[in-house]
Every structure is written in structure tokens, then in C-alpha cells.
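Asks: The structure under discussion is supplied below as C-alpha cells; questions concerning it will follow.
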Amino acid sequence: MTNVKGDRIRLAAVQVLLAVAAGQTLDDAMAELDLAGGDRAIAQWLAFGALREALLLERLSSPLLQKPWRRRDADVQALLHLALFELRHGQRPAFAVVNDWVEMTAVIHKAWARGLMNAVLRRYLREREALEGRLRADDLDLGHPAWLAERLRAAYPRQWPEIAAANNAEAPLWLRINRRRVTVAAYQEALAARGLQAEAVDWDAGALLLRASVPVTELPGWREGWVSVQDGAAQQAALILAPRAGERILDACAAPGGKTAHLLEAGADHLLALDRSAVRLQRVAETLQRLDLHGADLRAADAAEPRRWWDGQPFDAILLDAPCTGTGVIRRHPDIRLRRQPTDVEQAVEEQRRLLEALWPCLKVGGRLLYATCSVLPEENAQQIAGFLGRHEDAQRQEHPLTGQRLPGAGDMDGFYYALLEKRP
Ligand SMILES: C[S@@+](CC[C@H](N)C(=O)[O-])C[C@H]1O[C@@H](n2cnc3c(N)ncnc32)[C@H](O)[C@@H]1O
């Protein structure tokens, strides 16, 4: 890698960290980068890693700094975090890592920080063992903000260390094969031809687990719509709802459309996909076009206000993939742990309750509603559904082997919650 090219990648990673600090989501910040292929993959590895370890890196570096950071030097702090992340996990020789990140002070026009970067990184290398040992001993919250660690520990006292470890690890790539276009065996062969091994799973014939990291657009048949990227846990929604041709199906919170597409691949042919965000709904349209899937009507609307979008004809099945805290997908969205606040939990619980109450009357008697979140907090999941069942005598929980709370990392999947409810007479 030439230095000009390397600097461009490093600068991109800095920009992503600054955008996230300013409130942008990591996905949106990554989407704005003008990088492709391997360069994008390196910038992504750096930015995701430094965000995943942001709290640890802060703890690790604070004894090496003489004063706290000034707000306007967030860019130097980003450089330091990225450098430390690369020193901790990268393959390049330490001297090259230190040199390159020190040189970046000139690229961001903060030449004064050259000495500081140099001193801190070299001291880290000299005292590495002691510093890392102290970090392991002191970090009781395992790289999570205190409030979130406390809630997760309270909800899962036994499983907390595994949850934290899963949140702190890189997520594998899950593929969903569009079996309308290609067989799984043929797709595995196409992957093998590129030296990629994908594992099948025992709960579904169309899901494959790929441990290598590959830019999605370089997956075989991506443009032809043979394959989608979707975590294994998210792929279970369509399996549980099991749509049939001719059924009227509502996907109430559809964007960006992973589950909408899966429902159509699985046999749905009469589907209304709603999302309150018109911008995000555009991504559903693009996905359906890429996969050449038909039978969905897309509408930007508040799903909790059916009088604005419902023609009064009850649905056979409803998927409510509710907005949530995303505490089950921290490993894929490391910015979540930095952005979430305790008040977000109450807000999510209230919005989920509002959606459940508003959508239940739209379901026909004998119909089914699948409630889903990518959260692991009981307030949004088991407690939310227990409250709903207590308020609605005509709602009954249906047992299904894939429903309940799944914790992050279990089966190499994201944390997810599913409850399948049936409407009784
Ligand atoms: C968890 S995401 C859905 C993911 C999607 N089902 C998929 O598989 O790709 C939640 C979505 O709900 C949307 N949303 C939030 N509140 C809503 C509401 N009141 N009505 C409709 N959509 C809403 C958000 O814009 C967001 O796109």
C-alpha cells in the first residue's frame, strides 16, 4: 500500500469516527465514503474496530495523556484511537503503524499533535503488557457504557460475559440464497470457485454462514439477485411467519427491506410494506428490484395510524419488526452502544406498544402477528408481549421452535426476539 493510498484510507476512517461523534449512524457515514473494494474493507475494519473498542481505548489511553481532550481536537483523538486499535489487532509491523498514524497529523492539519501521538503510541508499545493487564482488571463493564452493562447484567446475570464478548467481536457474514434464482448447492460452488467456504445450517436450507469478510458487491451473482446479506437471526422471521400465496400480508416496519424480500422469496405475493421513512423505503424498492421480486405495494406511512393507509380489509398475517434499541445487534452496529441513552429504552417500549395496539385490529380472526425486535432488553420483548397478552383476551401466543429471546453470538447470530401471536374468535 503506497502512503498516499494508505493516507486516504486512514483519513476515511477518521471521517467516519467524526461523523458518528456528530450523531450520524455508522452505516450512513460508511455509505458516504468514496472508497471501493479492498480500500473500503480496510477503512471499515479500522472504523468499526475503533468504535467497537471506543470505551476501552479511552480507558487505555487516558493514563498516557496529560490533559483531557478539547472538543475541537476530536480528530486527533480519532487518530489515536484508530492507531491504538491497529496496534492491538493489526498485522502490520508496529513501527509502520506508529509512523503512518503520526504522519496523519499533517494530513488533518494538526502538526502540533505529532509529538503527542508519537509519545503516546511509543509509550503504549513500551508498557503494553502492564497497560493491557490493568485494562482487563478495571473494565468491569466490558467495554459497554455503565448504564447498559448494568441493564444487561441484571437481565442476564449468567450470560452477561458471553453477551459482552459477542458484542465486542467482529460479526460473520450471513447470506440468504434466493432459491427462486439459484440452488444453494450451485451457490456454494460459485463461492468455492472464489476460494470461499460457506456453512449451511440445520434450521433452514437457504441460509449460509461465511466467515470471510467480502464486500457484498463482490459476492457471486450479487447484481443478478442470487443472494442477499442478512443475519441468520433476521432470516428466521420469514420462516416463523411462513407466508402462503394468496394471503394478505402486512410488513408494518419494512425498511430497508431485508424481511420484505425474504417474505416474497418465501411465497408471499400480496404484501403491503409500510415504513414511516420515505427515504428508507426507497431502499426497499431498490432491493426488490435487484432481486426481481414482485407482489409488494410500498407506502410511506405511520403504521400506528391505520386510518391513513388501511382499506379496512383484515390481513392474514402481520410482521411487526418494531423499532427498538438495537441492543442485540451491537456487534454489527458498534455505534449503537455509544449513541443509545437510557431514555431511548422507554421511548422504544412506548412506540412498540403503540404499534402493537394499532395493528392488532387490522388482523383477521385466525390470523397471525409476528412481533420482532433486534433487542435483548426484556422491557421491549418478553415484558412487552406479556403486557399485550394481559390486555387482549383474543391474543394467544403460538409456540414455535424459533421464537423467544436469542442472545447475540448464540449460533453465530445476532440477538433477536420473536413472539408469534394468533387472534382467537
Ligand atoms: C427494525 S427496522 C425494520 C427492518 C426491516 N424489517 C428489515 O428487515 O429490513 C424498523 C423500521 O421501522 C420504521 N418505523 C419506526 N416507527 C414506525 C412507525 N410508527 N410506522 C412505520 N414504520 C416505522 C423505521 O423507519 C425503520 O425502518
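Asks: Would it be correct to say that residue 238 is open to solvent by less than 60 Å² (accessible area, probe 1.4 Å), in contact with a Phe, Trp or Tyr (Cβ under 6 Å, 6 or more places away or on another chain), within 24 Å of residue 410 (Cβ to Cβ) and within 16 Å of the ligand (Cβ to nearest atom)?
Replies: No; evaluated as a whole, the condition is false for this residue.
Asks: Just to check your reading of the model, which residue among 402, 355, 359, 389 is in contact (Cβ under 8 Å) with a residue 24 or more places away in the chain, away from the ligand (no atom under 16 Å from the Cβ), open to solvent by less than 60 Å² (accessible area, probe 1.4 Å) and not in a strand (DSSP E or B)?
Replies: The conditions single out 389.
Asks: Mind listing just one residue for me: the one in the stretch 413-425 that is at pLDDT 95 or above and open to solvent by 50 Å² or more (accessible area, probe 1.4 Å) and, of those, farthest from residue 172 (Cα to Cα)?
Replies: Filtering the stretch 413-425 for residues that are at pLDDT 95 or above and open to solvent by 50 Å² or more (accessible area, probe 1.4 Å), the one farthest from residue 172 (Cα to Cα) comes out as 424.
Asks: Now for a different question. I need the strands (runs of 3 or more DSSP E) fully contained in the stretch 192-282, keeping only those with at least 3 residues that are under 21 Å from residue 295 (Cβ atoms) and modelled with pLDDT of 95 or more.
Replies: Result: 249-251, 271-275.
Asks: Taking the stretch 1-28 as the search range and keeping residues that are of a type outside the set (A, V, I, L, M, F, W, C) and over 22 Å from residue 72 (Cα atoms), which one is surrounded by the fewest Cβ atoms within 10 Å (Cβ to Cβ)?
Replies: 2
Asks: If we keep just the residues of the stretch 286-332 that are of a type in the set (D, E, K, R) and assigned to a loop (DSSP other than H, G, I, E, B), which is most open to solvent (accessible area, probe 1.4 Å)?
Replies: Step by step, filter the stretch 286-332, then rank; the result is 311.
Asks: Check residue 228 against each of (1) open to solvent by less than 30 Å² (accessible area, probe 1.4 Å); (2) within 11 Å of the ligand (Cβ to nearest atom); (3) touching an Asp or Glu at 6+ places or on another chain (Cβ under 8 Å) and name the one condition it does not meet.
Replies: Against the list (1) open to solvent by less than 30 Å² (accessible area, probe 1.4 Å); (2) within 11 Å of the ligand (Cβ to nearest atom); (3) touching an Asp or Glu at 6+ places or on another chain (Cβ under 8 Å), residue 228 comes up short only on (3).
Asks: Identify, from the list 36, 31, 96, 43, the residue that is open to solvent by less than 10 Å² (accessible area, probe 1.4 Å) and under 30 Å from residue 218 (Cβ atoms).
Replies: After applying the criteria, what remains is 43.
So that you can scan it fast, the table gives a plain yes or no per residue for (1) at pLDDT 95 or above; (2) surrounded by 15 or more Cβ atoms within 10 Å (Cβ to Cβ); (3) out of contact with any helix residue (DSSP H, G or I) (no Cβ under 7 Å at 6 or more places or on another chain):
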site: 108; (1), (2), (3): yes, yes, no
site: 118; (1), (2), (3): yes, yes, no
site: 125; (1), (2), (3): yes, no, no
site: 129; (1), (2), (3): yes, no, yes
site: 139; (1), (2), (3): no, yes, no
site: 142; (1), (2), (3): no, yes, no
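Asks: Residue by residue through the stretch 299-317, note down the ones that are more than 12 Å from the ligand (Cβ to nearest atom) and of a type outside the set (Lys, Arg).
Replies: If the condition is that a residue be more than 12 Å from the ligand (Cβ to nearest atom) and of a type outside the set (Lys, Arg), then 310, 311, 312, 313, 314, 315, 316, 317 are the ones that fit.
The values are calculated or read from the model by the stated rules, or taken from the named source; none is laboratory data. Just so it is clear, the structure is predicted and the values come from calculations on it, not from any experiment. Note that each Cβ is placed from the backbone with ideal geometry, even for glycine, and that neighbours are counted across all protein chains shown. Ligands, DNA and RNA are excluded from the accessible area calculation, which covers all protein heavy atoms including side chains. Shrake-Rupley method; radii C 1.70, N 1.55, O 1.52, S 1.80 Å.
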